[in-house]
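Let me begin by presenting the structure, written as structure tokens, before commenting on it.
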Amino acid sequence: MDGVRVGKRVIGAQSPVTVGWENIPKVQGGPLRLFFFTWFQPTMLFALIAFWYYAPNSIAKASTAVGIGIGFKILLLGLEWLAPRHESWRLTWKELTVDLFYVSLGYTVLRLIEGFIGSDAVIEAVQTSFDWQKLAWFIGLPLLLQAFIISFVFDFGQYWMHRGMHNWYPLWVTHAPHHYITQLNVNKGAVGNPVELFLIGLGIGGLFDFLPRAALLAGSLGLAVGTYQHINVRFNSPRWWRFLFNTTEHHSVHHSRDFEASRSNYASTWVVIDRMFGTCVDGEAELLGMEGGRPMSIRETMVYPFADGWRTLKERLGRRSVMPAE
């Protein structure tokens, strides 16, 4: 397998990866089907932005955002069932049950932990010690511009955290279980070790949470774009969409069994950040996972960072103990 050269890297030498938008299959069918699968994503994005922009204060709150997020994922689950991107990714009841376990973990245990030592605690500490008058200029900006800045800054922080997870072993060992998923489905973003999910949530953009309306608008960007990363539906994304935003295609490359391909497309929402730093690969992959596509059990996912970290530490100490004395 020769692979394709992208910049200084060779993509697809270890596992098949389609490189280049012109080589990716497109949705076929009549005009209504083509219209739906071309404009569904932008329509949902603009609808969510309009809702949070005009919603009365009585409903513009976090609980409403959670409800919308759940409803949106149920809608996308239906699309996955009706029009799967790959039959090999089709969701089974067993996999759905496992996915929902991780989703419930995020809404309960992780949410509780974040309130004490995570981003929520950091935000509270900063809010009580910082002179917010210094950011009066920011609050005076148009609301949509505030939301864009919050979204971009948050994603910029997540980009470097995610990239660090792939390039520094102490972080990688927490992130590795997420790369054992062998298909993309709408809830797969929640699958992973709790330590990793906690770390990835420490984006610096969370410090803007003192602006509820702007933060909710920024969250709608993340919901209407980031949710598509893990989804088994093919869209004919407009050119401007796939240039700016991370897509299912981009994220499937990131989850490829090919090592070099998996070191790309780190951003959560704005793939243009990857373009800025030379880590973007436009393409897609169907064969995902690690160790030839071996799924990881819930138990293994929970203990992997500690077990693999301990194994690596013992190996390094063992090598040092047998080194010849000078």
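The values are calculated or read from the model by the stated rules, or taken from the named source; none is laboratory data. None of the values given here were measured: they were computed from a predicted structure. Cβ placement follows ideal geometry from the backbone for every residue including glycine, while neighbour counts extend to all protein chains displayed.
Quick one: in the range 205-241, of everything that is buried (at least 20 other Cβ atoms within 10 Å of the Cβ) and aromatic (Phe, Trp, Tyr), which residue is modelled with the lowest pLDDT? The residue in question is PHE208.
When PHE36 is tested against (1) over 23 Å from SER252 (Cα atoms); (2) of a type outside the set (Ser, Thr, Tyr); (3) at pLDDT 95 or above, just one condition goes unmet, and that condition is (1).
Could you tell me how many of the residues in the range 80-106 are hydrophobic (A, V, I, L, M, F, W, C) and farther than 21 Å from VAL66 by Cβ?
If we filter the range 80-106 for residues that are hydrophobic (A, V, I, L, M, F, W, C), which is where we start, we get 81-83, 89, 91, 93, 96, 98, 100-101, 103, 105.
If we keep only those that are farther than 21 Å from VAL66 by Cβ as well, we get 81-83, 89, 91, 93, 98.
Final tally of qualifying residues: 7.
Please identify the pairs in which a residue from the range 80-108 that is farther than 15 Å from VAL191 by Cα has its Cβ atom under 6 Å from the Cβ atom of a residue that is among the β-branched types (Val, Ile, Thr) and not in a helix (DSSP H, G or I), counting only partners at least 6 apart or on another chain. So the pair list comes out as GLU80/VAL233; ALA83/VAL233; ARG85/VAL233. Contact map, the range 174-188: residues that are over 14 Å from THR247 (Cα atoms) paired with residues that are of a type in the set (A, V, I, L, M) and crowded, with 21+ Cβ neighbours inside 10 Å, Cβ distance under 6 Å, separation 6+ or inter-chain. Pairs shown: HIS175/MET165; PRO177/MET296; TYR180/MET296; ILE181/VAL191; THR182/LEU288; LYS188/ILE181. State whether the residues of the range 284-299 include one that is among the charged types (D, E, K, R), at pLDDT 90 or above and touching a strand residue (DSSP E or B) at 6+ places or on another chain (Cβ under 8 Å). Yes; the residues of the range 284-299 include at least one that is among the charged types (D, E, K, R), at pLDDT 90 or above and touching a strand residue (DSSP E or B) at 6+ places or on another chain (Cβ under 8 Å). Would you pick out the residues in the range 136-189 that are touching an Asp or Glu at 6+ places or on another chain (Cβ under 6 Å) and either among the small types (Gly, Ala, Ser) or part of a helix (DSSP H, G or I) (or both)? Correct list: VAL173, THR174, HIS175.
Of all the residues in the range 19-49, those that are of a type in the set (Val, Ile, Thr) and farther than 23 Å from LYS73 by Cα number 2. There is at least one residue in the range 303-315 that is surrounded by fewer than 18 Cβ atoms within 10 Å (Cβ to Cβ), within 25 Å of GLU95 (Cα to Cα) and not aliphatic (A, V, I, L, M).
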